[in-house]
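Every number here is computed from the coordinates shown, using simple stated rules; none is lab data. These numbers were taken from a predicted model, which means no experiment stands behind them. Neighbour counts are summed over all protein chains in view; Cβ atoms, including those assigned to glycine, are modelled from backbone coordinates with ideal geometry.
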Amino acid sequence: MNKVMSKIFTTIGLIGRQGMKDVSDTLIAVLDYLQSHQYEVLVEEETARSFKKRQFISCKRDELAQKVDLLIVVGGDGSLINAAHSAVKHNTPVLGVNRGRLGFLTDIHPQDLEKKIGEVLKGNYQEESRFLLNATIAMQLDKQQAGIALNEVVLMPGNVARMIEFSIMIDDQFVCAQQADGLIVATPTGSTAYALSGGGPILYPQLEAIVLVPMFPHTLSARPIVVSSKSRIVIHIDTHSTAAPWLSCDGQERISVPIGANISIQKNAKSLKLIHPLDYNYFETLRTKLHWHKHNHVK
């Protein structure tokens, strides 16, 4: 269950996706609302380009997350995920205003902007904790931090479109060897993203679980598997693989994984504080975004 909170926010950070008129218009509306209600507003450096002839303080993203009580993100889930990587470092809560397509994480609609943001800023909101994954790549004595992921860690083909041969260990127990295009390792948050399109299950956000979804496996019996969030997952890239694959966290930077390397994936020590309006309902979000409320009547 989400916690109903009452903390009042006073210093607000504003982040938005660039290059979209709808986003820019909504950013301006949010800024005007916050300033008209005497909140201290800091705008992320790149986002500041959306504003003209307005007075505000701008700063870099990591610095912004450190200085504010609350981050408001305008855009789609991708924008919120990008902001979350900075917010998690400083335990800064994040509120999303949806200007994207799906919006599983950014749940305030622009038409409800003033009402919903106003209620949150008065201290009337739900707070939800979402865990992240941490990924590292190890090759003999060399160990490389691959990144953190709110949604998923993805093993994918490299520059050559060939199947990857790899094996999976969970908590030092051998699970299987696979030939596949790759593997998606997702959190409950990410279960409605790339993992869902790959045939994975939807996991309730508060589940302490991780799902592993094979991508186009050579063996039809290879199925998604759900394990504890406390599990340590190790993916070994078999020496029989003919091309080095890539690894990506939340679709950000792709890192080349050497043949013979081990990829270790575990729950990150820090989690994201996600803010919702009091009337937020996860299942209503699923019904709306996945069109479960629509029926096709055969005449």
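Using θ = phi - 60° in the Karplus curve 6.51 cos²θ - 1.76 cosθ + 1.60, the 3J(HN,Hα) couplings for the stretch 135-152 round to 10, 10, 10, 10, 9, 6, 8, 8, 10, 10, 6, 8, x, 10, 9, 7, 8, 7 Hz; x is entered for Gly and Pro. Dipole magnitude for the stretch 20-169: computed about the Cα centre from +1 point charges on Lys and Arg Cβ and -1 point charges on Asp and Glu Cβ, it is near 320 debye.
Applying the Kirkwood pairwise sum to the alpha-carbon positions of the chain produces a hydrodynamic radius of 20.4 angstrom. Cα-Cα over 28 Å: which of 67/267; 3/143; 21/270; 7/270; 53/270; 67/122? The pairs that break the limit, which is 28 Å between Cα atoms, are 3/143; 21/270; 53/270. Any idea how far the Cα center of the stretch 66-118 sits from the one of the stretch 165-207, in Å? For the stretch 66-118 versus the stretch 165-207, the Cα centre distance is 26 Å. How much of the pair distance distribution for the stretch 109-189 lies past 18 Å, counting alpha-carbon pairs only, in percent? Beyond 18 Å sits 66 percent of the P(r) for the stretch 109-189. Length gained on full extension, residue 159 to residue 122: 8.2 nm, using 0.36 nm per residue less the C-alpha separation.
Scattering from the stretch 220-279 was approximated by placing one identical point on each alpha carbon and applying the Debye formula without solvent; log10 I(q)/I(0) at 0.12, 0.15, 0.24, 0.29 1/Å stands at -0.49, -0.71, -1.19, -1.20.
Pairs of Cα atoms in the stretch 1-116 fall into 10 Å distance bins, from 0 up to the last occupied one, in shares of 14, 51, 32, 3, 0 percent. Protection proxy ranking for 253-265, 170-182, using the average of other Cβ atoms within 10 Å per residue and placing the highest first: 253-265, 170-182.
Reported value for the stretch 132-268: 97 Å³ per residue, from the convex hull of its C-alpha atoms. Gain on full extension, evaluated as 0.36 nm per residue between residue 136 and residue 279 minus their Cα-Cα distance, stands at 47.6 nm.
Gain on full extension, evaluated as 0.36 nm per residue between residue 46 and residue 270 minus their Cα-Cα distance, stands at 78.0 nm. Summary value for the chain: 19 percent relative contact order, contacts being C-alpha pairs under 8 angstrom separated by 6+ residues.
Our compactness index for the stretch 56-125, the C-alpha radius of gyration over the empirical 2.2 N^0.38 Å, is 1.09.
Within the stretch 1-80, which trypsin sites (Lys or Arg not before Pro) sit in a loop by DSSP and count at most 14 neighbouring Cβ atoms inside 10 Å?
7, 52, 53, 54, 60
For residue 16, the amide hydrogen comes within under 5 Å of the amide hydrogens of 47, 74, counting only partners 5 or more places away or on other chains and with H modelled in the peptide plane. In the distance distribution for the stretch 12-60, Cα-Cα pairs more than 13 Å apart total 49 percent.
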